[in-house]
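The block underneath contains the structure these notes are about, expressed in C-alpha cells.
What follows draws every value from the coordinates through simple rules; no lab data is involved. The structure displayed is predicted, hence computed values, not measured ones. Quick reminder, even Gly has a Cβ in these numbers, built from the backbone with ideal geometry, and neighbours come from all protein chains shown.
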Amino acid sequence: MSNPVPGPSTGSGQADGEPHRDAAQSLRTRLAAARDELSAATSRGQAGRDALARYAGAVDDLVAELFTDALGDTPQAVVLALGGYGRRHLCLHSDVDLLVLFGGPLNSAHAGALNELLHPLWDLGLAVGHQVRELDDFARIEADNPEFLLALVDARPIAGDRDLFNRFMTRVQRADLYAHVVAALVALTDERHAPFNATFYQLEPDVKEAPGGLRDLAAVRTIARLTDPALLRQGPSDSARLDEAEDFLLRVRSILHLDARRNQNVLSHPMQERVAALLDYPGALPQARVERLMGDYFRHARGVARWLEWIRRVAPVPVGPNLVKAGDGVRFVDATVAASQPESWLSAFQAAVDAGAAVSDDTLAVIQQHADRFGGHDFLPDPTRQAAWLEFLKPRPGLYARLSQMHDSGLLGRILPEFGAITCRVVRDFYHKYTVDEHTLLAIRTLERLATPMLPGTSTRERERFASLLQDLERPELLVLALLLHDVGKSGDEEHVAESVRLARGVFDRLAMPADAREAVEFLIANHLQMSTVAFRRDTEDPETVRRFAAVVGVEDRLKMLCLLTLADVDAVSLETLTPWKAELLWRLYVDTYNQLTLGYADELIDQSQSEVAQAVGARHADLPAEEISRFLEGLPRRYLQLFDQAAIARHVRLARDIHPDALHVSLEPKGSAWELTVVSLDKPFLFSNISGVLSSFGMDILRGHAMTSPHDLVLDVFQFTDRERFLELNPGARDEFIAVLENVVSGKVDVTVRLRRREQSPVHLRPRRVIPVVHCDNHASQRYTIVEIVADDALGLLYRISRVMSQQGCDVDLVLIATEGHKAIDVFHITQAGAKLSPAAQDALVASLQRLLEEDHEVA
Amino acid sequence: MKLLKCIVRPNKVDEVKDALTKLSVSGMTVSEVRGHGKQKGHTAIYRGKEYNVSLLPKMEIEVVVPDRLVHDCIKVVMEAARTGEIGDGRVFVMPVEESYKIRTGERETD
C-alpha cells in the first residue's frame, strides 16, 4: 500500500466507537504479550524455531480475527501467509507478508474491507507486506516474477475460504513451474552470494543473507520440496544437522532483532559478545566466548553451504507436473499423488521422450501396481489428453523405448486394450520372428530411426529417400497409430486385416478423432498388405498395375504413409526381411505411383461409372438433382472425388450453377488454421495466374491447391492458404475486399502486378534460398497434356509468376497441383498449346523462360 | 546333371517355382539379385529430378536337374517367366561335374 498509516495513535480511519477501541486495545494487549514472551525467550537464548512458531501463531490469531471481522462475510476470500512468515520463522521485526486473495473480481466493498484488515495491523506496528489479488490474476502465471512464485512456495492459509486456497494452490504450485522456480532460486542465490565473495567465512556475517545463512537453508528445503523430498534424507549430513543449524541461526537472529529493535541480521563484532553471553557460551573472557560462538556459527554455516552445494548438484530437474528427471530417469515427485491420477501417467512418458531419458523403474512400478484399477477412459479422459496421446506418438528418438516401457508396465494395454490383447501373441508363419506386439513396436522403431537425424556422411541414399517421405508428412503420428493398430486383429483367429479395422474404429471413437484422421488411419490399416503385395509380387513395370494401385491410394499423402508403413512393417518381420533389394522395389513402386498420381491423373476422368457419387450427394442435398451433379462431375479428373468429400462436392455444384462467361463464383472459408478459396468460372486467359497473384498480393501463403478444368471449360480452382498477417480474421470487411479485388483483377480492371510489386519490394518478404530450382517437362506421362513439374523455394508470388510465363507463351493451364513441403514448393502443371501437347521447340522455350525466372528469383534473394 | 540359373522378374518367381515343381524338380535356391542385361535400366523421374535406375531387381532361381529334364525345365521356366517385354530375364545352363549330399556323404548320380 502506498500510503500506510503510521503509528498506533493515528487510529484506524474507521467510524470510531467504544467497542471498536476496546477491540483495538485487546489486539494490542495480546500482541504485546506474545512479543514479551518471544523477547523473554530471546533473552534466555531460546528463541529458536519453536519460540518463533509460537509467535507466528499468535500473529496468525490476530490476522485471522481481523480477517473474520473485515471479510468474514465475503464469499471466496482467503488470507495467506507467505515467505518466512509462511514458514513460521517470524522474528520480532520480520516482515509479516500477507496475500489477500479473492475468488471473484475486486470491487469498492472489498477495498473498504481490506482497510479494516490492514489498518489495525499497521496500527499495531507490524511490518506488514501485503498483496491483494484475484484468482484470475493467476490464470496465466507470469514467469517473469520468480521471486513472487518463490514466496508462494511457503504459502499457507491463515483464515478464509479453504476451497479457494486449494484452487489457488493448484494453479500456482504446478510442477511445470517448478523448473522455472528452481532455476530462479539458483540464480537469486548466486546473486545474493556475490557481495559476500561467495564465502561463508565472514568475520561479521549476515545470518540471513550470507552464504550458509538462513536463506541458503530455506533454499535447500525449497529445492528438495520442489524436486525430490527424499533428498533431505540422503544429503551430505544428517538432516537433523540442518534443523540444528536452523535453530541456532534463528536464536542468533532473534537476539539481533531484539537488541537492534529492527530487522537487523548482521552479527557484528560488538553483537558477537552480546550473543555469546545470551547463548551462555562458557569462557572467562569475552574473547573466548566469542570464539566458541563463531566456531559454532562456522560449523553450522559450513554444513548449510555443503547441503546447498550438494542439492544443487544432485537435485532432479523438474520436467512437468509432479515429474522430475533424475539420474535413473523421469519419475513422479510424489508417487502417492500420481497413483491416483492415471491421467497424468502419459505425461511421464512424454517428458521422458522430450528429455531423452527413460522412465525410472520405481515410476514404472507405481504404474504397474495401479494400472489395473483404471479403465481406458481414465488415462485419456478429455480432449486435451486425447490430443496429448497422439502428440506422444510422433516418431522421434526414444519413442520405441518409451512405448516398450509403457507396454511392459501394462499401461499401453490399458490405454489400448486392443493392443493389450496381442501381448506375447504368437502367430506361426514362415516369416515373422517376433511376437505380434514386439513386431508392432519394432516397426515403430524403424520409423523412429528414419526420424532420427544422422551424423553427416553416415546415412545412405536409400535411407534418405524414405526419411524424406517421413519429413513430408503433416501428421506422422497417425502413421504410428496405424502401425500400433495394424495387427491388433491377430488377437483372434479371423482374417486379421478386417478385424484390425473393426477394432481400430473403437479406438477412433475413444480418442474422438476427427473424420479425416480416422479415414487416414483406417485406410492404412485396411491396406497395410497392399503395397508389399504389389511391389514384391506384381509386375510393377506394367503401367496398369501402377494405375490400379494409384487408384487404391488416391492421393500422395496416403501413398507416402502407406509406403513408410510397408517399409516399417516389413523391416520388423525379422532382421533379414527388409533387404536392400526389397527396399528398392518398394521405392520404385512409390515413385511410379507418385508420378501416376501427380502426372497421369489428368487421363483418368470421371465418367458415367461414377454416377453413384452423384446419387449419394443428391440424396443428401434436396436442392441438388443427381443430373446436375453428374453434369458438373463429368470430365473432371477422377482424383477430384478423392480430394473432396460429399459436402465439398455439393458446395462446388452450387457455385457452378448459372455461371456465365463474365461471372466469377467465389467462396472463401476458414478451414482449420488455414483458409480455403474456391473459385468457379468459365476459362479465361491468365485466370489461374490472376487468382494466385491476388492471393500473394494480400500476403497469403499458398499451401496447396488444385486447379481443374472440365471439357466444357468450367474451371474449378481450390486454394488452401494461410493468412499470416491475419488480415481476413481481424478485419470485418476483409473478405468482401478480397473478393472485390479478385473480381477486378480477373475482369482486367486492376493489374495485379502492381499490387504484387509493393509487397515483393518489402524486405519482410525476403526469404533465405535453399533449394536449387528444378523445371522438368514431360510429354509422355499423360495422354493429353504436357506436364511441367517445378520444384523451387517457396516465395511470395511464385505461382503467379510461373503461371504468367506459361500464359504469355500461349499455353493453356488446364490442371494444376500445388503442394508446399516446408520451404519447398512443388507445382505440377498440365498444359496444352492450341489444344495439343507442346512441340519440342515450344517445350524448350517454355523451360528456358521458367529457368530464367526461377534463377532470377534465386539470385535476387 | 545341369545347373540352371534362371534370372526372372520378381513377380514371376512363384509361377516359375510352381512350374518346376510340377516337373518334380524339388530342390531350388532362390535369391534376390540386382543387375541388368539388355534392359540396361532406365531413367526415372521423381519430383522433376531424374535419377538413374541402372541395376534392376530380379530374382535368381537355381536348380540342379538331371540331364533328361533339362529341356523340359528350360521350356517351362521360359513359359512361366515370359511377358514378351524387354526385361523378362535369362536362363543359363551349366554342367555339374559332381554332387554330394552333406548329411549322408552320398554322391549323387542322375
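Percent of Cα pairs in the range A:338-415 per distance bin of 10 Å, from zero to the largest separation: 20, 58, 22, 0.
As a ratio to 2.2 N^0.38 Å, the alpha-carbon radius of gyration for the range A:17-173 is 1.07. For A:Glu134, the amide hydrogen comes within under 5 Å of the amide hydrogens of A:Phe102, counting only partners 5 or more places away or on other chains and with H modelled in the peptide plane.
Evaluate Rg over Rh across the range A:144-194, taking Cα atoms for both radii and Kirkwood's formula for Rh.
Taking Rg over the Kirkwood Rh, I get 1.07.
For a straight C-alpha distance cut-off of 18 angstrom, the aspartates and glutamates reachable from A:Lys837 (same-chain residues fewer than eight places away being disregarded) are A:Asp603, A:Glu604, A:Asp713, A:Asp778, A:Glu789, A:Asp812, A:Asp814. Across the range A:129-234, Cα-Cα pairs farther apart than 23 Å form 38% of the total. Taking the range A:59-102 and a reference point 7 angstrom along Cα→Cβ of A:Arg30, the backbone N atoms nearer than 11 Å belong to A:59-69. Taking one quarter of the surface of the C-alpha convex hull of the range A:180-315 gives a mean projected area of 8.1 nm².
Residues whose amide H falls under 5 Å from that of A:Ala47, counting only those 5 or more places apart or on a different chain, are A:Thr42, with hydrogens built in the peptide plane. Within 10 Å of the Cβ of each residue in B:53-60, the mean number of Cβ atoms contributed by other protein chains is 3. Its Kirkwood hydrodynamic radius, worked out from the mean inverse distance over all distinct Cα pairs, puts the range A:398-532 at 15.8 Å.
For the range B:1-67, the convex hull spanned by the alpha carbon atoms encloses 87 Å³ per residue.
A Cα-only calculation for the protein assembly as shown places Rg and Dmax at 39.3, 131 Å. Close amide H pairs (under 5 Å, H built 1.01 Å from N) link B:Leu56 with B:Gly35, B:His36, residues at least 5 positions away or on another chain. Once a ≥ b ≥ c are taken as the square roots of the eigenvalues of the Cα gyration tensor of the range A:658-860, is the result rounded (a/c under 1.5), prolate (a/b larger than b/c) or oblate (a/b not larger than b/c)? Verdict is oblate for the range A:658-860.
Within the range A:682-838, DSSP assigns beta bridges of which about 100% are antiparallel (rounded to the nearest 5). Listed values for the range A:787-803 are Karplus-derived 3J(HN,Hα) couplings in whole Hz (6.51 cos²θ - 1.76 cosθ + 1.60, θ = phi - 60°), namely 10, 10, 10, 10, 10, 8, 4, 5, 9, 4, x, 4, 4, 4, 5, 4, 5, and x replaces Gly and Pro. Across the range A:191-206, computed HN-Hα scalar couplings (Karplus, 6.51 cos²θ - 1.76 cosθ + 1.60, θ = phi - 60°) run 4, 5, 6, 3, x, 9, 6, 6, 10, 8, 7, 9, 6, 10, x, 8 Hz from first to last residue, x flagging Gly and Pro. By the Stokes-Einstein formula, at 0.890 mPa s and 25 °C, the range A:695-760 with its Kirkwood radius over alpha-carbon pairs has D equal to 184 µm²/s. What the phi angles of the range A:582-587 give under the Karplus curve with 6.51, -1.76 and 1.60, with θ = phi - 60°, is a coupling list of 5, 4, 5, 4, 5, 4 Hz, glycine and proline written as x.
When +1 charges are put on Lys and Arg Cβ atoms and -1 charges on Asp and Glu Cβ atoms, the dipole computed for chain A relative to its Cα centre reaches about 1900 debye. Once the C-beta distance of A:Arg757 and A:Asp683 is scaled by a Förster radius of 30 Å, the resulting FRET efficiency is 0.65 to the nearest 0.05.
With r as the distance between the Cβ atoms of A:Val847 and B:Thr29 and R0 = 30 Å, compute the FRET efficiency 1/(1 + (r/R0)^6) and round to 0.05.
0.05
Per residue, the Cα convex hull of the range A:605-650 amounts to 57 Å³.
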